[in-house]
1. For Ser44, only one of the following conditions fails: (1) assigned by TED's automatic domain parsing to the domain that holds Asp131; (2) modelled with pLDDT of 95 or more. What is its number?
2. Considering the range 171-212 alone, what residues qualify as being part of a helix (DSSP H, G or I), more than 26 Å from Thr150 (Cβ to Cβ) and hydrophobic (A, V, I, L, M, F, W, C)?
3. Pick from Arg174, Arg166, Arg144: which is under 20 Å from the mean Cα position of the chain (by Cα) and farther than 15 Å from Leu89 by Cβ?
4. Take the residues of the range 18-39 that are of a type outside the set (A, V, I, L, M), more than 30 Å from Ala105 (Cα to Cα) and within 25 Å of the chain's Cα centre (by Cα): which is modelled with the lowest pLDDT?
5. Among Arg64, Arg96, which is the only one that is of a type in the set (Lys, Arg), touching a residue at least 12 places away in the same chain (Cβ under 8 Å) and either in contact with a Pro (Cβ under 6 Å, 6 or more places away or on another chain) or surrounded by fewer than 19 Cβ atoms within 10 Å (Cβ to Cβ) (or both)?
6. Looking only at the range 151-158, decide whether some residue is under 25 Å from Glu35 (Cα atoms), at pLDDT 95 or above and part of a helix (DSSP H, G or I).
7. What are the pairs, 6+ residues apart or on separate chains, where a residue within the range 178-190 that is farther than 18 Å from His38 by Cβ has its Cβ under 8 Å from a residue that is surrounded by 15 or more Cβ atoms within 10 Å (Cβ to Cβ) and acidic (Asp, Glu)?
8. In the list Ala58, Ala49, which residue meets the criterion of being buried (at least 20 other Cβ atoms within 10 Å of the Cβ), in contact with a helix residue (DSSP H, G or I) (Cβ under 7 Å, 6 or more places away or on another chain), free of Cβ contacts under 8 Å to residues at least 40 places away in the same chain and not assigned by TED's automatic domain parsing to the domain that holds Ala155?
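The values are calculated or read from the model by the stated rules, or taken from the named source; none is laboratory data. Every value quoted in this text rests on a predicted model; they were computed, and no experiment measured them. Because the Cβ atoms are built from the backbone with ideal geometry, glycine has one as well, and the counts that use them run over all protein chains shown.
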Amino acid sequence: MAKANVELRWIKPPRQDRSRDTQARIVEAARRLLEQGHSFHEISVAALAREADASVGAFYNRFRDKDALLHVLQIELCAEGEATATAVLVPARWTRVSLDALIRAFVGLGVASYRQQAGLRRALLVAMCNDKQFRDRAIALTQRTCEGLTSVLAARNPKVKRAVIRTAVDVCHRIVYGVLDQDLLFADDPPTGHALTDKQLVGELGDACLAYLAPHGL
């Protein structure tokens, strides 16, 4: 099996030219401001309108409030996650790749996507604490991803019961994304006082998942 590192990338489905669509410009403006390090809570409607070359009135003609905009941002993010899962969770793609390379590729994708989308994911993490709609969308994408990864590992390990693999994938997902969620919430001030680089996160989380999977015959 191949031992070389495998790099996965987050996929953004192609979109039509949206430069003349005011709602789309506002959504893209929110993404840009979040990517620049602004928190969603601190971004004003006026700032969104300026960034989108639109008016405050145009914003409220299309969104009830900022929460409505955040729903749209999450829907788009989940569509990207679904496209990414469809592209990479193909069992035949991974039959000749070592488990080490496979796990580190998926962990690396998680770390990279969280880092690139940190502002948006932080805002969604907070929203999920109080709004079931946000949680339901996140749950649906998580279940899609875990079931896809279960299928990948089941194809590689036909003698291992699928229920065993499903549970192992569930726990590994909790390990990885629990750590990444904590990293988002505490940003540059980790509660342990010990910051980890992205490279360290990929390495340590990969090691943790591989150590957990080993006794399961995977």
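1. Condition not satisfied by Ser44: (1).
2. Going through the range 171-212, the residues part of a helix (DSSP H, G or I) turn out to be 171-186, 198-212.
Subsequent filtering for residues that are more than 26 Å from Thr150 (Cβ to Cβ) retains 185-186, 198-200.
Listed by number, the residues that qualify are Leu185, Phe186.
3. Values: Arg166 fails: farther than 15 Å from Leu89 by Cβ; Arg144 fails: farther than 15 Å from Leu89 by Cβ.
After ruling out the rest, the residue left standing is Arg174.
4. Taking the range 18-39 as the starting set, the residues that turn out to be of a type outside the set (A, V, I, L, M) are 18-23, 25, 28, 31-32, 35-39.
Filter once more, keeping what is more than 30 Å from Ala105 (Cα to Cα): 18-23, 25.
Then drop every residue that is not within 25 Å of the chain's Cα centre (by Cα), which leaves 18, 23, 25.
Details: Arg18: 52, Gln23: 91, Arg25: 93.
Result: Arg18.
5. Working: Arg64 fails: touching a residue at least 12 places away in the same chain (Cβ under 8 Å).
Sole residue among the options that is of a type in the set (Lys, Arg), touching a residue at least 12 places away in the same chain (Cβ under 8 Å) and either in contact with a Pro (Cβ under 6 Å, 6 or more places away or on another chain) or surrounded by fewer than 19 Cβ atoms within 10 Å (Cβ to Cβ) (or both): Arg96.
6. The answer is no; no qualifying residue exists.
7. Pro190/Asp183
8. Checking each option against the conditions leaves just Ala49.
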